[in-house]
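This report refers to the structure that appears directly beneath it.
The values are calculated or read from the model by the stated rules, or taken from the named source; none is laboratory data. This is a predicted model, so every value here is computed, not measured. All Cβ positions, even for glycine, are placed from backbone atoms using ideal geometry, and neighbour counts span all protein chains on display.
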Amino acid sequence: MPRRFAVLPVGGLSLAFLMPLCARAEPSAAFASPGLTARADALLARMTLEEKAGQLNQLSAATLITGPGHEAGNNDELIKGGLVGAILNSATAHETNAYQKEAVGQSRLRIPILFGLDVIHGFRTLFPIPLGISASWDTGLVERTARFAAVEASQQGVRWTFGPMVDIARDPRWGRIAEGAGEDPWLGSAIARAYVLGYQGSGLDDSSSIVACAKHFVGYGAAEGGREYNTTEVSERTLRQVYLPPFRAAVDAGVGSVMSAFNSINGVPASANALTLTQVLRREWKFEGFVDSDWAAVREIMVHGIANDERTAARKGILAGVDMDMEGRLYGKELPGLVRSGDVPMERLNEAVRRVLRIKLSLGLFEHPYVQEPAVPADPGEGRVLARRAAEESLVLLENRPLKGAPLLPLSASSGKRIALIGPLADSAADMLGSWSCEGRPRDVVTLRSALADRAAAEGMTLSYAKGTDIEGGSETGFAGAVEAARQSQVAILALGESGHSSGEASSRSRLDLPGNQEELLEAVVKTGTPVVLIVFSGRPLATPWAARHAQALLLAWFPGIEAGPALVRTLFGDSEPGGRLTVSVPRSVGQVPIYYNALNSGRPRADPVAAGAPKPGDHYVNGYLDEESTPLYPFGHGLAYTDFSYSAVHPDATQMSARSINEGKARLSVGADVRNTGPRDGTEIVQLYIRLRGTSVARPVRELKGFRRVRLAAGEARRVDFSLGRDELAFWNIDMKNVVEPCSLYIWIAPDSARGTPARVDITP
Ligand code: BGC
């Protein structure tokens, strides 16, 4: 098999990362080719039971510990004995080479180690957190950031990432919502595919490619109460309709590994779940890569309560379909005995080892186990350009109220001669990296304060800065300085939000407000009458209705990565536009959670223009709360541009179609709308297509995203935006649990978000 080595020096990563990745091979599970399988089998034939179990044993290096109960100690001896297949949390060439020398130089069969790491939103060059970058709806951008991260990681010997996290999340209390692409399975699938293509590049045999790992399989995002690691109860239909599709997309894109989750699904731990791991993943989807457990998830089968001892936990894990045991230290210990006693068939063990070996073989690790030890770069270098673009595209402008007739943003040097910058996140480099910051360094971050200071100096503006309070602060001693700075300024920019580690793993919150006394600080500044631009940094949507009403402009920045400051300043001053649209609904209060746009209608919705017999506006007996609205503060898909767009009526090319011909793949519906930039400047719109199916055998969501397009339009320009709907878009899991298109009424919106637009109707006949 040919090996393609990318000649990309550290720190000199090419600007080609800003270009579309068009010359890429179509994804395929090349790692399952007959040739590689035969090589893996030849090796298997020479292995002892202990060596086989060893390939399924993954240990953490002591340098970084990302879970509980890590046993420091005998890694070196185990590696030399051929009893370790993979290591996680080694991030430098020096360390990976050292371990590799023990495996390749000293173990009997010289099988190289596979090094894995959580490269989640960059390796050294940190991009926005995944939830942020998902707001770009730009799959090409996602792919380029993943590719860039793969190049950086692979240079250190890290050839496997524990990403992408493709868990659909409908509950922002769950801290890990920050790591995924939000609440929608269609968008989540497109983004899952983009990550896999970016990480795995043109093929695993390229030395700059790293194996992706779709995680956490499955339903982890449905944790009850948003409480981390919690139980999930998900019907099979919802599992297949909502939580599984992004994993399917990753598998179809050729993902090399999948990680089994911590949670239980309907009473069965995900890491002992034969239905999901074997039936769905292997039998139905024909997944040929390997399944890695999450950290000690096989051991935790005991804690869940379906095994009373380690041996049973190991047996249940392997038989359900978990191939590799991450830091649970059970497979190495128990599998040989389990096979000897006949409790685990030899063929199941062989299958797991074969899958692992094939990945190692396709990476070329046997021929090239070591990497050159590169000098640690002083700066991420050209990655900054890509990081800045990614940050700009992920910013979501939620409010932009007019001041003297024109929206406050973008600012101009004259509208903001005197600027106050206030808040605990204005100058906090470490927080800009967000969770899972990998090899990112706070010193690489250009903060908002420093970028704004440069801009002010260049354009003769006066900038006064006051921190005001701490992120979790309770003291008001800094308020006076902040109020004074605002009073003396024409505009006050407030940088508020959560700390970078208030989201991510083990970081669920029961409240969704601005932590500490930040809202009080905001109130004090708003009282001065100086217009406020509020920038919220967070790993989840926060419920801040007061801020939304009182800030003149409200910009969601997530955690933007190393180019936070330049991206924000360029956007504030209109050199670029806020490119993002929400990929999660923003609740008004925590009591509304879970709130997501693609919900079922219920029998008593508050309002429904389409359903016959729905309650009239003002009816008392309707779905919702006495003390809170039913709608979110901002709906999925929402985000303002610096210009305005109008949409024509939706034009389908037929008013009738037959379900049968769609099911047979013989018919598709073309549908389009004219989108016009009616505002004063060029801009990018994210045109969204939603459907609703009525008259079906099971209730379908009030809207479902089935297409989207980023469209750049010059001021005044109009363009027809077309979509095509076929089986993939229109089929659903029906009453008989068949994924089919049924005769029904199809409503189609082409709209700027999930709450606006007028649908066209098409009848789907038998
Ligand atoms: C997390 C995974 C992560 C793994 C390795 C676990 O605690 O749930 O997402 O990949 O640790 O760091």
Check your understanding: Which one of 534, 542, 554, 494 is in contact (Cβ under 8 Å) with a residue 24 or more places away in the chain, in contact with an Asp or Glu (Cβ under 8 Å, 6 or more places away or on another chain), closer than 26 Å to residue 389 by Cβ and in a strand (DSSP E or B)?
Key -> 554
Study note, to complete from the structure: residue 271 meets each of (1) polar (S, T, N, Q); (2) within 27 Å of residue 75 (Cα to Cα); (3) more than 16 Å from the ligand (Cβ to nearest atom); (4) free of Cβ contacts under 8 Å to residues at least 60 places away in the same chain with one exception, condition (3)
Practice item. Check whether at least one residue in the stretch 153-164 is within 16 Å of the ligand (Cβ to nearest atom) and charged (D, E, K, R), and report yes or no. Key: yes
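Out of all the residues in the stretch 727-760, which are in a loop (DSSP other than H, G, I, E, B), crowded, with 19+ Cβ neighbours inside 10 Å, more than 25 Å from the chain's Cα centre (by Cα) and of a type outside the set (Val, Ile, Thr)? Can you show your working first?
Step one: of the stretch 727-760, the residues in a loop (DSSP other than H, G, I, E, B) are 731, 734-738, 741-743, 752-759.
Still in the list and also crowded, with 19+ Cβ neighbours inside 10 Å: 741-742, 752-754, 757, 759.
Okay, now just the ones that are also more than 25 Å from the chain's Cα centre (by Cα), so 741-742, 757, 759.
Hits for the stretch 727-760 are 742, 757, 759.
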Check your understanding: Taking into account only those residues within the stretch 427-478 that are of a type in the set (Val, Ile, Thr) and out of contact with any helix residue (DSSP H, G or I) (no Cβ under 6 Å at 6 or more places or on another chain), which is surrounded by the most Cβ atoms within 10 Å (Cβ to Cβ)?
Key -> 471
Review point. For the stretch 222-241, what are the residues that are surrounded by fewer than 24 Cβ atoms within 10 Å (Cβ to Cβ) and part of a helix (DSSP H, G or I)?
Key: 224, 225, 236, 237, 238, 239, 240, 241
**Study point:** Filter result for the condition that a residue is in contact (Cβ under 8 Å) with a residue 24 or more places away in the chain and outside any loop (DSSP other than H, G, I, E, B), over 610, 526, 584
**Key:** 526
**Study point:** Top-ranked residue in the stretch 165-188 [being of a type in the set (A, V, I, L, M, F, W, C) and part of a helix (DSSP H, G or I); ranked as farthest from the ligand (Cβ to nearest atom)]
**Key:** 186
Check your understanding: Are any of the residues in the stretch 189-207 basic (Lys, Arg), modelled with pLDDT of 95 or more and within 12 Å of the ligand (Cβ to nearest atom)?
Key -> no
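Restricting the stretch 83-134 to residues that are small (Gly, Ala, Ser) and in contact with a Cys (Cβ under 8 Å, 6 or more places away or on another chain), which is farthest from the ligand (Cβ to nearest atom)? Break it down stepwise before answering.
Taking the stretch 83-134 first, the residues small (Gly, Ala, Ser) are 85-86, 90-91, 93, 98, 103, 105, 107, 116, 122, 132, 134.
Retained after the next criterion (residues that are in contact with a Cys (Cβ under 8 Å, 6 or more places away or on another chain)): 91, 116, 122.
Working: 91: 12, 116: 8, 122: 15 Å.
Taking the candidates together, the pick is 122.
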Exercise for review: Return the residue satisfying two criteria in turn: it lies in the stretch 355-401 and is under 26 Å from the mean Cα position of the chain (by Cα) and in a loop (DSSP other than H, G, I, E, B), and of such residues it is farthest from residue 114 (Cα to Cα).
Suggested key: 395
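Taking residue 618 as the residue in question, decide whether it is touching a residue at least 24 places away in the same chain (Cβ under 8 Å) and out of contact with any strand residue (DSSP E or B) (no Cβ under 6 Å at 6 or more places or on another chain).
On the way: touching a residue at least 24 places away in the same chain (Cβ under 8 Å): no; out of contact with any strand residue (DSSP E or B) (no Cβ under 6 Å at 6 or more places or on another chain): yes.
So residue 618 does not fit the description; no.
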Review point. What strands (runs of 3 or more DSSP E) lie completely within the stretch 649-695 and have 3 or more residues being modelled with pLDDT of 95 or more and surrounded by fewer than 18 Cβ atoms within 10 Å (Cβ to Cβ)?
Key: 669-677
Practice item. Scan the stretch 94-123 and report the pairs whose first residue is farther than 15 Å from residue 80 by Cα and assigned to a loop (DSSP other than H, G, I, E, B) and whose second residue is within 16 Å of the ligand (Cβ to nearest atom) and of a type in the set (Asp, Glu), with Cβ atoms within less than 9 Å and a gap of 6+ or a chain change. Key: 119/439; 120/179; 121/179; 122/439; 123/439
Review point. Which of the residues that make up the stretch 318-342 are crowded, with 24+ Cβ neighbours inside 10 Å and within 16 Å of the ligand (Cβ to nearest atom)?
Key: 322, 323, 324, 325, 326, 327, 328
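Condition check ((1) over 30 Å from residue 204 (Cβ atoms); (2) part of a helix (DSSP H, G or I); (3) touching a residue at least 60 places away in the same chain (Cβ under 8 Å)) across all residues:
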site: 278; (1), (2), (3): no, yes, no
site: 282; (1), (2), (3): no, yes, no
site: 303; (1), (2), (3): yes, yes, no
site: 306; (1), (2), (3): yes, no, no
site: 319; (1), (2), (3): no, yes, no
site: 338; (1), (2), (3): yes, yes, no
site: 347; (1), (2), (3): no, yes, no
site: 353; (1), (2), (3): no, yes, yes
Review point. Restricting attention to the stretch 696-706, which residues are free of Cβ contacts under 8 Å to residues at least 60 places away in the same chain and either touching a strand residue (DSSP E or B) at 6+ places or on another chain (Cβ under 6 Å) or surrounded by 21 or more Cβ atoms within 10 Å (Cβ to Cβ) (or both)?
Key: 696
**Study point:** Those residues of the stretch 491-508 which are touching a Phe, Trp or Tyr at 6+ places or on another chain (Cβ under 9 Å), within 19 Å of residue 593 (Cβ to Cβ) and more than 16 Å from the ligand (Cβ to nearest atom), in sequence order
**Key:** 497, 498
Check your understanding: Is there a residue in the stretch 288-297 that is over 20 Å from residue 259 (Cα atoms), modelled with pLDDT of 95 or more and among the β-branched types (Val, Ile, Thr)?
Key -> no
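Within 16 Å of the ligand (Cβ to nearest atom), charged (D, E, K, R) and within 18 Å of the chain's Cα centre (by Cα): which single residue out of 252, 294 fits that description?
Details: 252 fails: within 16 Å of the ligand (Cβ to nearest atom).
Testing whether each residue is within 16 Å of the ligand (Cβ to nearest atom), charged (D, E, K, R) and within 18 Å of the chain's Cα centre (by Cα) leaves just 294.
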